[in-house]
Each structure stands twice: as structure tokens, then as C-alpha cells.
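Below: one structure, written as C-alpha cells.
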Amino acid sequence: MRIVVVGDVMLDVDLSGDATRLSPDAPVPVVDVSGMKRRAGGAGLVARMLAQDGWPVTLVTVLGDDDAGRQLESHLTGMRLVSGPSGCSSPVKTRVRAGSHPVVRFDQGCGKAPVPDASPAMLRAVEKAGVIIVADYGRGLAANPQLRELLARLAGTIPIIWDPHPAGPDPVPGVAVVTPNLAEAGKAAQALAGERRQAPVPGGPRRDLHGSEAHSPEHQPEDPAVQAGRILLEHWQSRAVLVTKGEHGAVLLREGGSSPEAVPAPRVEGGDPCGAGDRLAASLAVHLLAGRDLGEAARLAVHDAADFLASGGVSALPDPDSGRDAGAASDAEAGFDASTAAPLRPPIPVGGKRRISEPLLLARVVRDNGGKVVATGGCFDLLHAGHVRSLAAARELGDCLIVCLNSDDSVRRLKGPERPIIGQQDRAELLLAMECVDAVLIFDEDTPEAALERLRPDVWVKGGDYKGARLPEAGLVEKWGGRCLTVPYHPARSTTGLADALAKVS
């Protein structure tokens with residue numbers, strides 16, 4: 001179940017303040033620095049995002065034997081760190097921001113680096129992964145021959161997400177998905193085509209990567225991301241390529257010649273895009289580990305990246321701890337042997353909230369630990385005391401409670417055009433705020449059968465108004481050895497009654 005991030009790390013330094021005037025020496029803004037934040041960047045940022053979300057993560061990397069390297073190690077707490085020597089100075093990137101807008105960046109030690117060695121401990125840690133993210137930042141680790149041989153072998157058995165870099169090597173064949181942005185994809189595809197022409201610009205005549213005007217069968221210009229993605233998919237021999245296009249979302253191309261899939265992104269007001277690609281790669285790993293199809297995982301990851309930017313991006317990330325504690329020690333300090341130890345799993349909850357809120361992964365973790373998965377379902381529009389009592393009773397029947405929640409469209413089909421009163425995201429948030437609810441799975445169908453097929457709970461719970469009748473989902477749940485139960489129903493309390501009362505008041 002462990003997520004392993006493999007790649008290059010760097011020390012990111014953010015200097016932030018206000019710019020209210022120009023320098024008298026040159027027409028450049030003067031930033032009055034009011035704050036400084038240091039953090040691990042590159043693969044370190046990907047791993048920290050996952051660790052802060054509560055995922056069991058291992059970072060496999062190399063560190064320089066210098067002050068920046070020691071600072072990096074201190075910022076990589078909360079995860080399992082397996083590192084070797086880089087053989088060169090640690091890269092440092094210093095960004096100056098005025099408000100939320102970047103003004104300038106200074107790079108130190110970011111030139112071409114030698115390919116580092118991969119220690120036996122590093123290779124053993126990679127071999128223990130449930131899913132792998134290769135966060136290549138062009139510093140040589142992704143080019144290590146032993147590591148590449150291992151990744152190529154693992155690509156046939158576990159999902160590997162490869163975030164490429166223009167200065168790095170090609171991904172190994174067979175990885176689940178490669179995630180270049182449009183600029184990276186265009187540059188790589190042009191190099192493969194032996195051309196150095198620039199990608200087409202919006203508003204001008206679009207040309208393919210060989211310089212000819214590009215038209216689809218309907219005589220419409222083809223998306224440059226699709227053009228580049230097709231070339232890269234064939235050359236890299238990956239199972240898929242996801243070309244990201246910033247505010248325009250992404251396009252997913254899969255092996256086998258299927259049609260490209262557009263992945264739209266929600267609108268996000270400006271801001272610094274730094275870290276969006278790292279957030280996307282981290283989210284892809286989480287959703288693939290949960291058993292989702294690549295298309296669904298890509299859609300969710302694009303939304304996660306947009307939400308990350310909307311919430312302030314890297315500038316809004318919490319400050320990492322300045323030092324290590326005993327609970328976040330490195331493998332050497334903790335005596336961990338990656339060759340023999342099993343991946344860490346969160347304990348089965350006895351009460352209180354779990355850190356894992358992704359429903360499919362939560363169900364898998366609980367089952368793997370010998371626990372019992374309980375699920376219930378409904379619209380939960382206008383939560384009331386009857387809901388609270390029923391949910392609390394359901395939670396007592398097992399080791400986690402997952403609520404299958406009707407989407408807004410599903411509620412409208414079932415209840416009429418005036419419902420729901422509260423949108424699905426707010427309903428999910430209210431449910432998750434309850435101590436007895438561990439995760440919420442939103443489904444769009446009229447019945448929960450498809451959601452149940454994915455969750456396969458040990459116990460499916462409905463309110464006592466079904467008492468004496470066989471639950472409609474009973475046959476399905478019994479297929480995998482589950483059972484259906486009812487919990488007490490409180491007829492004096494209902495959403496319909498509350499909605500009618502509110503309508504009379506209004």
C-alpha cells in the first residue's frame with residue numbers, strides 16, 4: 001500500500017513581501033521582504049504533499065553533503081526517507097514573490113549533475129512499492145541504469161507515474177502514464193521529429209510538428225497536445241500519456257489507438273502555477289492505488305491540481321517542521337531494513353477519524369488489516385438527528401463507515417427538480433465532519449449498486465423503515481459474502497418534513 005516517490009530533490013526558498021515602488025537604480029520593483037520559507041522541492045514536494053495528506057510514503061533520492069542537503073533532510077520529516085549521496089552540491093532555487101506573484105528566481109547549483117549511484121537500500125525500497133511516482137527534475141537519478149532496470153521490471157505489475165523533465169532521460173517502457181506539460185511535450189516531440197520549429201500559437205495557422213498545416217478528418221486544426229502526445233506515446237512505449245495544458249485541462253492518450261480523451265479543468269483565477277504538476281502526479285498515484293481507472297484518475301487529479309492552485313498553491317502550504325522527531329526518523333535512525341519489512345499500514349480505527357478519507361483505499365486498508373467495512377447510502381439532504389443516530393449505529397457494526405452519497409443529478413431524478421437543497425460537496429463535507437463517518441463516495445446512478453460493486457462492503461446498512469422487507473441490494477451484497485442489516489429508524493425526523501416546514505416559513 002506504500003507510495004514510493006523516486007526522484008531529484010532541491011531546496012526551495014521563498015522570499016515574500018509587498019512591492020509598492022520601483023528601484024531608483026533601474027525600472028525594477030523593490031520587494032520589502034516580510035517572510036522567508038524554506039521547503040523541499042522537486043520529488044521532495046511530491047512526497048511532502050502525500051505525507052501531509054496522511055499517505056504512507058517513501059522518498060527515494062540522493063542528497064548533497066552540504067548545508068543545503070542537511071536543510072533538505074530536516075524538511076523531509078513525516079515520511080520514510082531512503083537516500084544516498086548525490087556526489088555534487090545541492091540545488092537551491094530562491095523565488096521572490098510580491099504578494100502571490102513571482103518576481104524573479106535565483107538558481108544555485110542547478111547545472112548538469114553526474115548520474116548518482118543507487119544504493120541497495122534505495123533499490124529495495126522501490127521494490128516494496130504499491131505505486132511509484134518518478135519525479136524527474138533532470139539531476140540524474142532517473143538515468144541510473146540499475147534503477148531503470150528495476151522500474152522497467154516493475155512497470156508490468158504496479159502503476160508507475162512518470163513526471164518527465166526536458167533535461168532527463170526518456171521514461172522506461174511500460175509505465176502506466178507519463179505526464180508532460182504542453183511545452184515539454186511539444187519540445188520532446190519536435191526533437192523526435194528532427195525539427196526545431198516552434199509549436200503553433202493561438203490565433204495563428206496551426207501546423208503539425210513537421211511544419212505542415214494540421215487538419216482532422218473534419219478539416220479542423222488538431223490540438224497540438226494531441227499531436228505531440230501521439231508521437232511521445234509511440235516513442236516512449238508507455239501505456240498512456242497525459243499532456244497537461246494549464247487552465248485548459250489535459251488530454252489523455254492511451255496505447256491501442258483509442259481516441260484522445262479531453263480532461264477539462266475547473267476555472268481558477270490567476271496565481272503562481274508552481275507545484276501544480278507535483279500535485280497532479282501525487283493525486284494520480286492516490287487514485288490509481290485506490291483501484292480507479294486511469295481516465296477517472298486523470299479527471300480527479302486535474303481537479304485536485306486546480307483546487308491546489310485555487311487554495312494558494314505552494315505559498316499556502318504549511319511550514320514543514322524544522323527538525324526530526326523520533327516518529328519521523330530516517331530508515332537508518334529507526335533501524336528499518338527495506339529488504340525485510342512489510343509496508344506500514346494505518347491501524348484499524350477503534351473510534352475517531354482515520355487519516356485516510358479516500359473511500360476505495362480505506363476499504364482496502366481496513367480489509368487487509370482484518371477489519372470489517374460497513375457502508376450505507378442515501379441523499380442526506382438537510383442532516384437531522386435521525387441521520388446522526390442511524391449513522392452512529394451503523395459505525396458500531398464494523399471498523400469503518402463509508403457513506404455512498406447520491407450526486408446532485410441523482411437526487412434531482414429521485415426527488416424532483418427542487419432537490420437537493422444542499423449541493424453534493426457541502427453534503428459530503430457535513431457528513432465527513434461527523435465522528436462516525438470515515439469516508440464518502442459520491443455516485444451518480446439512481447441506485448447504489450455500481451458503488452457497492454466497487455466498495456464490496458462486509459455490511460450494507462439501511463434505516464429501519466426497510467424492516468421486514470428484503471433490501472433491494474441484498475442479492476448483490478451477498479455475492480461477495482457480505483450481509484445487509486437495518487438500524488433503528490426515527491419516523492418523526494425526516495428531510496421531507498424539514499423541507500416542507502422550511503417552505504411554509506419562507
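The values are calculated or read from the model by the stated rules, or taken from the named source; none is laboratory data. This one's a predicted model, so the numbers in the text were calculated from it and none came from an experiment. Cβ sites come from the backbone with ideal geometry, for glycine too, and all protein chains shown count toward neighbours. Protein only, heavy atoms only, side chains kept; ligands, DNA and RNA dropped before computing areas. Shrake-Rupley method; radii C 1.70, N 1.55, O 1.52, S 1.80 Å.
Among the residues of the stretch 83-128, the ones that are outside any strand (DSSP E or B) and among the hydrophobic types (A, V, I, L, M, F, W, C) come to 10 in all. Among the residues of the stretch 80-104, just one is modelled with pLDDT under 90, open to solvent by 20 Å² or more (accessible area, probe 1.4 Å) and basic (Lys, Arg), namely Arg95.
Scanning the stretch 160-181 turns up no residue that is outside any strand (DSSP E or B) and free of Cβ contacts under 8 Å to residues at least 24 places away in the same chain. Among residues of the stretch 16-32 being out of contact with any Lys or Arg (no Cβ under 7 Å at 6 or more places or on another chain) and in contact (Cβ under 8 Å) with a residue 40 or more places away in the chain, the one that is surrounded by the most Cβ atoms within 10 Å (Cβ to Cβ) is Val31. Is it true that Ala121 is within 26 Å of Ala276 (Cα to Cα), among the aliphatic types (A, V, I, L, M) and in contact (Cβ under 8 Å) with a residue 24 or more places away in the chain? So Ala121 does not fit the description; no.
All conditions in (1) at pLDDT 70 or above; (2) crowded, with 17+ Cβ neighbours inside 10 Å; (3) closer than 30 Å to Leu15 by Cα; (4) of a type outside the set (A, V, I, L, M, F, W, C) hold for Arg292, with the sole exception of (3).
Check whether at least one residue in the stretch 320-342 is more than 26 Å from Lys128 (Cβ to Cβ), out of contact with any Cys (no Cβ under 9 Å at 6 or more places or on another chain) and either modelled with pLDDT under 90 or not in a helix (DSSP H, G or I) (or both), and report yes or no.
yes
In contact (Cβ under 8 Å) with a residue 40 or more places away in the chain and either touching a helix residue (DSSP H, G or I) at 6+ places or on another chain (Cβ under 9 Å) or of a type outside the set (Lys, Arg) (or both) - does that describe any residue in the stretch 257-264?
For the stretch 257-264, residues in contact (Cβ under 8 Å) with a residue 40 or more places away in the chain and either touching a helix residue (DSSP H, G or I) at 6+ places or on another chain (Cβ under 9 Å) or of a type outside the set (Lys, Arg) (or both): absent.
Which is surrounded by 14 or more Cβ atoms within 10 Å (Cβ to Cβ) and either touching a helix residue (DSSP H, G or I) at 6+ places or on another chain (Cβ under 6 Å) or at pLDDT 90 or above (or both), of Ala214, Ala199, Ala193?
Only one candidate passes the filter, namely Ala199.
Of all positions in the stretch 400-411, none carries a residue that is assigned to a loop (DSSP other than H, G, I, E, B), over 22 Å from Asp307 (Cα atoms) and touching a residue at least 12 places away in the same chain (Cβ under 8 Å). Set side by side, the residues Gly35, Gly44 differ, and just one is under 24 Å from the mean Cα position of the chain (by Cα) and without any contact (Cβ under 8 Å) to a residue 60 or more places away in the chain, which is Gly44.
Being of a type in the set (D, E, K, R), open to solvent by 80 Å² or more (accessible area, probe 1.4 Å), at pLDDT 85 or above and on the phi < 0 side of the Ramachandran plot is a condition met by at least one residue of the stretch 438-445. The sole residue among Pro457, Pro472, Pro491 that is modelled with pLDDT of 90 or more and of a type outside the set (S, T, N, Q) is Pro457.
Condition test on Leu45, is it assigned to a helix (DSSP H, G or I) and either open to solvent by less than 30 Å² (accessible area, probe 1.4 Å) or in contact with a Phe, Trp or Tyr (Cβ under 8 Å, 6 or more places away or on another chain) (or both)?
Yes; evaluated as a whole, the condition is true for this residue.
The set of residues in the stretch 33-42 that are within 30 Å of Val131 (Cβ to Cβ) and open to solvent by 30 Å² or more (accessible area, probe 1.4 Å) comprises Lys37, Arg38. Among residues belonging to the stretch 295-319 that are among the charged types (D, E, K, R) and in a helix (DSSP H, G or I), point out the one that is modelled with the lowest pLDDT. Across the stretch 295-319, the extreme among qualifying residues is Asp307.
Taking the stretch 52-82 only, how many residues are assigned to a strand (DSSP E or B), within 30 Å of Val365 (Cα to Cα) and not β-branched (Val, Ile, Thr)? Quick ask: steps written out before the conclusion?
Start the filter on the stretch 52-82 by keeping residues that are assigned to a strand (DSSP E or B), which leaves 57-63, 80-82.
Still in the running and within 30 Å of Val365 (Cα to Cα): 57-61, 80-82.
If we keep only those that are not β-branched (Val, Ile, Thr) as well, we get 59, 80-81.
Count: 3.
Only a single criterion out of (1) more than 25 Å from Gly246 (Cβ to Cβ); (2) touching a helix residue (DSSP H, G or I) at 6+ places or on another chain (Cβ under 9 Å) is not satisfied by Ser119, namely (2).
Taken together, the residues in the stretch 56-79 that are in contact (Cβ under 8 Å) with a residue 24 or more places away in the chain and open to solvent by 30 Å² or more (accessible area, probe 1.4 Å) amount to 4.
Every test in (1) surrounded by 16 or more Cβ atoms within 10 Å (Cβ to Cβ); (2) in a helix (DSSP H, G or I) is passed by Pro420 save one, and that test is (2). Within the stretch 380-417, the set of residues being closer than 15 Å to Pro457 by Cβ, crowded, with 22+ Cβ neighbours inside 10 Å, over 26 Å from the mean Cα position of the chain (by Cα) and not charged (D, E, K, R) comprises Leu391, Ala394. Once the stretch 446-465 is narrowed to residues that are charged (D, E, K, R) and under 25 Å from the mean Cα position of the chain (by Cα), the residue that is surrounded by the fewest Cβ atoms within 10 Å (Cβ to Cβ) is Glu453.
The requirement of being within 27 Å of Ala310 (Cβ to Cβ), among the basic types (Lys, Arg) and in contact with a Pro (Cβ under 7 Å, 6 or more places away or on another chain) is fulfilled nowhere in the stretch 1-16; no residue meets it.
Pairing each residue of the stretch 361-379 that is over 12 Å from Val459 (Cβ atoms) with any residue that is assigned to a loop (DSSP other than H, G, I, E, B) and aromatic (Phe, Trp, Tyr), provided the two are 6+ apart or on different chains, yields C-beta distances under 9 Å for Leu361/Trp55.
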